[in-house]
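Undergrad: There's a structure below that I have some questions on.
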């Protein structure tokens, strides 16, 4: 009996020691703190005959820890006549009460949305009617089914978009393209445009690439100069009209694309200090170089004592000398120009003129 008592005491002591050695567990985290954060930047706008809903997916939980098992985003929509406040976004049984679920994005695949940078864009085409107000809310959840609080509501009034601007002209300039266009006279529903429109200028790096806005905000004028471009590169442009209806931005149909290639149109400075030294059967020319870094070479011109100049040769930069051996006795005049390395080379004005007598 004494032996059994000792063994029991030892077991109890070991159990106490084990409990003492274990780290103390913290209080359990509330499920709502482990749910994904809500979408914080939901936006919507009318784009031609659709409504484009856009947002950045959250990457953290409500407790600000990293969200690694994000699984779905659901888009809910309600519509009304536009009078008063839109319907409240109340979360009831995992849904937004009195809203219709119109799309679900699951896992890492964005469909039916598309990805543009860090944002997702969903195109709503379902049963839209002019004059109705549509309100959107997004719900996020993780693989354990924990649902975050609803995003803020965003509402748009569905209205007819402008038709495309016409007669878009793109005039290439040095490192720039100047654009101008005509305003559309009608909306896509056939009605006349009765208010002032704004315009969004779009640019793409190739004929089939996606167009992107040139400026951060639309412009009121029907002309724009797109600057800080790369010379000798083709850019593609389109323009669409923008109207605002009941606080909703309505983007019209883009115009046909046009292409333009900025190019260097500034010639170098002319060479200076041209000097000619005559010898038997030859004339040696030398000059000071043009200061520009894009000078590719120099062109040499010769004329008789009383006649027009003709090109007789050239040199590649940085050489600034030339020997004319195709001369006989007589008086000759010389001048030199500089030429740059542009795709369509620009030639400078002529240097000073020199005259030489060949014995």
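The values are calculated or read from the model by the stated rules, or taken from the named source; none is laboratory data. Since the structure is predicted, the reported quantities are computational estimates derived from the model, not experimental observations. Cβ coordinates were reconstructed from backbone atoms using ideal geometry, including for glycine residues, and neighbour counts include every protein chain displayed.
Undergrad: Report, by residue number, each residue of region 180-202 that is farther than 14 Å from residue 165 by Cβ and either touching a helix residue (DSSP H, G or I) at 6+ places or on another chain (Cβ under 8 Å) or not in a loop (DSSP other than H, G, I, E, B) (or both).
TA: The answer is 192, and nothing else.
Undergrad: Residue by residue through region 322-341, note down the ones that are crowded, with 18+ Cβ neighbours inside 10 Å and within 16 Å of residue 296 (Cβ to Cβ).
TA: Start the filter on region 322-341 by keeping residues that are crowded, with 18+ Cβ neighbours inside 10 Å, which leaves 322, 324, 332, 334-340.
If the condition is that a residue be crowded, with 18+ Cβ neighbours inside 10 Å and within 16 Å of residue 296 (Cβ to Cβ), then 322, 336, 337, 338, 339, 340 are the ones that fit.
Undergrad: What number goes with the only condition from (1) assigned by TED's automatic domain parsing to the domain that holds residue 67; (2) closer than 23 Å to residue 240 by Cα that residue 127 does not pass?
TA: Of everything listed in (1) assigned by TED's automatic domain parsing to the domain that holds residue 67; (2) closer than 23 Å to residue 240 by Cα, residue 127 misses just condition (2).
Undergrad: Name the strands (runs of 3 or more DSSP E) wholly within region 291-354 that hold at least 1 residues that are under 46 Å from the mean Cα position of the chain (by Cα), touching a residue at least 40 places away in the same chain (Cβ under 8 Å) and within 14 Å of residue 276 (Cα to Cα)?
TA: It comes to 330-340.
Undergrad: Picking from 96, 75, 105, which residue would you name as being assigned by TED's automatic domain parsing to the domain that holds residue 120, within 23 Å of residue 146 (Cβ to Cβ), free of Cβ contacts under 8 Å to residues at least 40 places away in the same chain and crowded, with 17+ Cβ neighbours inside 10 Å? So that I can check it myself, show each step before the final result.
TA: Working: 96 fails: free of Cβ contacts under 8 Å to residues at least 40 places away in the same chain; 75 fails: free of Cβ contacts under 8 Å to residues at least 40 places away in the same chain.
Being assigned by TED's automatic domain parsing to the domain that holds residue 120, within 23 Å of residue 146 (Cβ to Cβ), free of Cβ contacts under 8 Å to residues at least 40 places away in the same chain and crowded, with 17+ Cβ neighbours inside 10 Å holds for just one of 96, 75, 105, which is 105.
Undergrad: Looking at residue 111 and the list (1) touching a residue at least 12 places away in the same chain (Cβ under 8 Å); (2) on the phi < 0 side of the Ramachandran plot, which single condition is not satisfied?
TA: Here residue 111 clears every test but (1).
Undergrad: In this structure, is residue 228 surrounded by fewer than 17 Cβ atoms within 10 Å (Cβ to Cβ) and under 19 Å from the mean Cα position of the chain (by Cα)? Walk me through how you get there before you give the answer.
TA: Details: surrounded by fewer than 17 Cβ atoms within 10 Å (Cβ to Cβ): yes; under 19 Å from the mean Cα position of the chain (by Cα): yes.
So residue 228 fits the description; yes.
Undergrad: In addition: Does residue 255 satisfy the condition of being touching a strand residue (DSSP E or B) at 6+ places or on another chain (Cβ under 9 Å), in a loop (DSSP other than H, G, I, E, B), surrounded by fewer than 16 Cβ atoms within 10 Å (Cβ to Cβ) and in contact (Cβ under 8 Å) with a residue 40 or more places away in the chain? I'd like the intermediate steps shown before the answer.
TA: On the way: touching a strand residue (DSSP E or B) at 6+ places or on another chain (Cβ under 9 Å): yes; in a loop (DSSP other than H, G, I, E, B): yes; surrounded by fewer than 16 Cβ atoms within 10 Å (Cβ to Cβ): no; in contact (Cβ under 8 Å) with a residue 40 or more places away in the chain: yes.
Judged against the criteria, residue 255 is not a match.
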